[in-house]
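To start, the structure itself, in structure tokens.
The values are calculated or read from the model by the stated rules, or taken from the named source; none is laboratory data. Quick caveat: nothing in here was measured; it's all calculated off a predicted structure. With ideal geometry, Cβ positions are generated from the backbone for all residues, glycine too; neighbour counts draw on all protein chains shown. Just the protein is used for accessible areas: all its heavy atoms, side chains included, with ligands, DNA and RNA removed. Shrake-Rupley method; radii C 1.70, N 1.55, O 1.52, S 1.80 Å.
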Amino acid sequence: MVELIHETDDAMAAETELLLKRSRAITVHGHDKLGRAVVRIVGKYFPARALSGRAEEALRGYVRRCVLPEIGESEFVVVYVHSLVDRGDNFPGVAAIRSAYESLPADAKERLRAVYFVHPGIQTRLFFATLGRFLFSSGLYEKLRYMSRLEYLWEHVSKGEMEVPECARRHDEELERRPLMDYGIEANDRRCMFDAASMDTSSSLHSLRCI
């Protein structure tokens with residue numbers, strides 16, 4: 001019976017790992033301008049709905065088995081692309097993100113030098129400004145850098161080093177045409193799903209209860 005349970009767990013882990021690998025939501029993409037490895041996370045690609053309640057476990061396992069071995073012992077940065085993220089489809093939840101970070105070995109946390117948060121939006125900024133210090137350790141919170149436009153990211157990562165997803169390009173162009181969207185004054189026709197829907201009150205409270 002014990003062996004059967006282990007085999008079932010291994011099969012589920014392999015299934016979620018394959019799902020994340022196919023989604024290309026988390027990949028290692030070149031190096032930044034200081035020569036550090038770049039881990040690119042595209043929120044739009046994350047298969048949260050398909051993973052259902054296994055998102056937290058899937059994130060921890062995938063980072064441990066696939067991402068960290070590819071980085072090796074070098075320093076690294078994370079580029080998280082938040083463009084067009086929707087909580088119902090592709091946002092794993094704050095608790096899952098926190099769990100994935102806390103599960104990193106101590107030396108990996110030390111080698112993580114910065115987290116570049118691309119297209120955060122005003123509601124996301126307010127969320128992390130008020131709750132970020134409670135949800136995440138100071139080691140991670142202090143490494144967070146907001147990039148409201150791709151052009152600011154290129155000050156840290158050369159364009160040719162990282163493939164930019166189409167959703168980020170489109171959203172960047174939209175922000176250039178409608179700059180008030182940065183301040184939550186003007187929304188697009190998709191209910192501002194790239195920001196408000198991914199950090200709503202119910203999600204935040206649920207995440208807090210899970211910690």
Exercise for the section: Kindly indicate the residue of the stretch 70-83 that is open to solvent by 10 Å² or more (accessible area, probe 1.4 Å) and in a loop (DSSP other than H, G, I, E, B) and also farthest from G30 (Cα to Cα) among those meeting that condition. Expected result: E73
Handout entry: Filter result for the condition that a residue is part of a helix (DSSP H, G or I) and at pLDDT 85 or above, over R49, R64, R54, R40
Key = R64
Practice task
Determine, yes or no, whether R64 is among the basic types (K, R) and open to solvent by less than 30 Å² (accessible area, probe 1.4 Å).
Solution key: no
Fill in the blank from the handout: Sole miss for F117 among (1) under 15 Å from V85 (Cα atoms); (2) part of a helix (DSSP H, G or I) is condition (2)
Handout entry: In the stretch 1-37, the residues that are small (G, A, S), over 18 Å from V81 (Cα atoms) and either at pLDDT 90 or above or part of a strand (DSSP E or B) (or both)
Key = G35
Practice task
Name every residue in the stretch 28-83 that is within 17 Å of K143 (Cα to Cα) and of a type in the set (D, E, K, R), in order of residue number.
Solution key: D32, K33, R36, R40, E75
Practice task
Please enumerate the residues belonging to the stretch 108-121 that are surrounded by fewer than 16 Cβ atoms within 10 Å (Cβ to Cβ) and touching a residue at least 60 places away in the same chain (Cβ under 8 Å).
Solution key: R113
